[in-house]
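A short reminder: the numbers here are calculations on the coordinates, not readings from a lab. Source: prediction; values computed, not measured. Cβ: placed from backbone, ideal geometry, glycine included. Neighbour counts: every protein chain shown.
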Amino acid sequence: MPTGAHLAAFLGAAAVIVAIPGPSLLFTIGRALTVGRRDALLTVAGNAVGLFLQSAAVAVGLGALIAASSTAYSGIKLAGAAYLVYLGVTAIRHRGDLAAHLTEVTPGAKTAAPQPHRSLTQGLIVGLTNPKTIVFLGSLLPQFIAPSAAPAPQILTLGTLFALIAALGDSIWALAASSARSWFALSPARLSRVGATGGTMMVGLGIAAAVSGRPD
């Protein structure tokens, strides 16, 4: 475990960083608008697992490798960007399904079986394929470890705490966005528009990720 002073300093820095809106927050809001509260929260959980796994990569030195290799960085970045665009286009194409799903009240009507693992997996993939996050964690986490102890366990501990703080912040936004979606559900036309909006947000986020440069 990091020392008390290092841990307190890290928690303060992590709270400030999580409070600043970033790509994961925009993705969470887009998911809340397109698929609803439960799936948005599962997406948040998957993204948190992705952050933890990135912290593990930092602990074993992969973060430094990705930061140093432009080929590895670009490959991960483009894969993540393509996946975001795919999710956004899918949401836009099926925007009409939102109204049908939420307004279906026919007794005995057959509905698709819930697939919570899909949202969890999607969040995990988005979290893992964000090279900026792993470079960021690689530069942030080592600053708060005690030099007198083994660095890897401390990095894993701090990475876990960061993932939990990020999950808490994103969950608050997911609940707020899903509440707004419930209001849109009162009108099929509104709901169709909000589905398209959420999908457009994800497509825009994917394009921005693809054309953006490496972090300093």
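List of remarks:
- For the pair L164 and T121, the difference between a 0.36 nm per residue extended length and the Cα-Cα distance amounts to 13.7 nm.
- Extension gain for L175-S70 works out to 34.1 nm (0.36 nm per residue, less the C-alpha to C-alpha distance).
- Between A56 and Y86, the contour length at 0.36 nm per residue exceeds the alpha carbon distance by 8.1 nm.
- Spin-label model, A19 to A208: label points 7 Å out along the Cα-to-beta-carbon direction sit 2.1 nm apart.
- Sequence-ordered 3J(HN,Hα) estimates for segment 151-166 from the Karplus curve with 6.51, -1.76 and 1.60 and θ = phi - 60° stand at x, 4, x, 5, 5, 5, 5, 5, x, 5, 5, 5, 4, 5, 5, 4 Hz, glycine and proline given as x.
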